[in-house]
Amino acid sequence: MFSIQGRKGRLCDGLTRREALRIGALGLGGLTLPDLLRAEQDASIRHSHKSVIMIYLVGAPPHQDMYDLKMDAPAEIRGEFSPIPTNVPGIEICEHMPGLAKIMDKCVPLRSVYGSPDGAHDSFICYTGRTTRNQPPGGWPSLGSVVSKMQGSVNPAIPPFVGLAPDAGHPPYGSPGLPGFLGVGHAAFRPTGPAREDMVLQGITEERLQNRKSLYASLDKLRRQVDASGMMDGLDAINQQALGILTSSRLAEALDLSREDPAVRERYGKGDTNRYGDGAPRNLEHFLLARRLVEAGARVVTLNFGRWDFHSSNFSEAKNTHLPWFDQGLSALIEDLHARGLDRDVAVVAWGEFGRTPKINADAGRDHWPQVGGGLIAGGGFRTGQVIGATDRLGGEIADRPVHFGEVHATLHHFLGISSSATLRDLSGRPQYLTDGYHPLPELI
């Protein structure tokens, strides 16, 4: 416990600073105050929390044109792109991702991701690690909602779960991850839409806001007491979150990119803020916003990027509209996390819901291929600079180390400090395991 400095070098309790430090050392195994501060910093317990940034590549990207090029396959499978070496000997990736190639020692390409049962477009499996089949009452909650429920807010002004997901023509493309049976109180906060303008008090003092809150609570007490659905509890959580946001500038400041170093903003770039087809924008500023949000206190940030459903013009779409911007945004994010000392406290995952067909179709596209897909992991203090999994010569079947979506989620839970044996109760009151029996990837931890 610290005392306040008094006059003439003495503390308010009459002790000198030297005496206080000496007593503190005797009482704490001989550790001096500087020793304690260094130990606290080494243990990463000062102002730190674990966070996940999950980037959903909307519509499923072509895994064999990104991290798993097959140069020995026939032309109708191999495609137009060439591999380039990375800064890790033996690992090669697509020529249109030079930024990631330069920092491959900080990344882990996944070449054998599976779990999508039928190749239907849905972000659900990315955000939950599960399929939509045989769901419990209320549905499976996404990672962000689980973390919101189990760990809550780091700071009342920052929602624990933030989704940088705009509305999309195909609703699952615009989903930030659903709360499922955990209810609306643990849904993603979505600040990039119209709600952004409502994050500050408009012509009302904080004192008056608190009075309104007290009045509202009094009038609504009976209705909440008789509610049996749990919906009102969720609304309580939403109201508390809204009050925290309105009475602090912390979230508004995190979303204000004008506060960022111009050189950093230029490194991330802008991309395109317009929605791409029925998918998401290719907004590079969202990568920077994600970093600012986790730094401010968000525990999980999801980010929807582009529309990768290239049934036609696969190579021109990838080369001209998606890969270069994705490479710029993701490599900037990973480098930035390392530069700011956040690489052990923030885990990054980028993936889509399935892979693409080995054979190029008549429209120069690749179709849905649930048998195997890919992804990339970074940060989290993981063992990076390696590849996990492999496909066969044609890139269509898993040849080594299958990686289920659920295993990646189990790894993220472990990183966040959530036990693999933890359960949450669904709407029927039945306990449900978080990862359906999957365990963390031992290659990473």
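The values are calculated or read from the model by the stated rules, or taken from the named source; none is laboratory data. These numbers were taken from a predicted model, which means no experiment stands behind them. Every residue, glycine as well, gets a Cβ built from its backbone with ideal geometry; the counts of neighbours run over all protein chains shown.
Structure notes:
- Helices (runs of 4 or more DSSP H) fully within the stretch 225-314 that include at least 2 residues being at pLDDT below 95: 231-246, 250-254.
- Residues that are surrounded by fewer than 24 Cβ atoms within 10 Å (Cβ to Cβ) and either in contact with a strand residue (DSSP E or B) (Cβ under 6 Å, 6 or more places away or on another chain) or under 15 Å from Trp351 (Cα atoms) (or both) within the stretch 110-119 comprise Tyr114, Gly115, Gly119, listed in sequence order.
- Considering only residues in the stretch 372-393 that are surrounded by fewer than 17 Cβ atoms within 10 Å (Cβ to Cβ) and touching a residue at least 24 places away in the same chain (Cβ under 8 Å), the one that is farthest from Cys126 (Cα to Cα) turns out to be Arg393.
- Residue count, the stretch 173-194 (criterion: under 19 Å from Ala296 (Cα atoms), in a helix (DSSP H, G or I) and among the hydrophobic types (A, V, I, L, M, F, W, C)): 0
- Residues within the stretch 61-100 that are over 13 Å from Leu323 (Cα atoms), buried (at least 16 other Cβ atoms within 10 Å of the Cβ) and among the small types (Gly, Ala, Ser), tallied: 2
- Selected residue (only one of Leu289, Leu323 is of a type outside the set (Gly, Ala, Ser), under 20 Å from Asp343 (Cα atoms) and in contact with a strand residue (DSSP E or B) (Cβ under 9 Å, 6 or more places away or on another chain)): Leu289
- Hits in the stretch 420-438 (condition: under 20 Å from Cys126 (Cβ atoms) and either surrounded by fewer than 13 Cβ atoms within 10 Å (Cβ to Cβ) or in contact with an Asp or Glu (Cβ under 9 Å, 6 or more places away or on another chain) (or both)): Gln432, Tyr433, Thr435, Gly437, Tyr438
- Across the stretch 299-324, the number of residues qualifying as over 16 Å from Val349 (Cα atoms) and within 12 Å of the chain's Cα centre (by Cα) comes to 0.
- Subset of the stretch 351-366 that is surrounded by fewer than 17 Cβ atoms within 10 Å (Cβ to Cβ) and in contact (Cβ under 8 Å) with a residue 12 or more places away in the chain - its residue that is farthest from Arg111 (Cα to Cα): Asp363
- Taken as a whole, the condition of being free of Cβ contacts under 8 Å to residues at least 24 places away in the same chain and closer than 25 Å to Ser331 by Cβ does not apply to Ile103.
- Qualifying residues in the stretch 159-172 (those that are at pLDDT below 95 and not in a loop (DSSP other than H, G, I, E, B)) - the one surrounded by the fewest Cβ atoms within 10 Å (Cβ to Cβ): Pro171
- Pairs where the first residue, in the stretch 48-59, is of a type in the set (A, V, I, L, M) and the second is part of a loop (DSSP other than H, G, I, E, B), C-beta under 6 Å, 6+ apart: Leu57/Trp308; Leu57/Gly352; Val58/Gly279; Val58/Ala280; Val58/Gly306; Val58/Arg307
- Looking at the stretch 360-445, the strands (runs of 3 or more DSSP E) lying wholly inside it that each contain 2 or more residues that are modelled with pLDDT of 95 or more, under 29 Å from Met97 (Cβ atoms) and among the hydrophobic types (A, V, I, L, M, F, W, C) sit at 373-379, 398-400.
- Out of Glu295, Glu285, Glu335, sole residue that is surrounded by fewer than 24 Cβ atoms within 10 Å (Cβ to Cβ) and within 20 Å of Leu444 (Cα to Cα): Glu335
- Residues of the stretch 291-309 include none that is more than 22 Å from Gly163 (Cα to Cα), among the β-branched types (Val, Ile, Thr) and in the same structural domain as Leu164 (by TED's automatic domain parsing).
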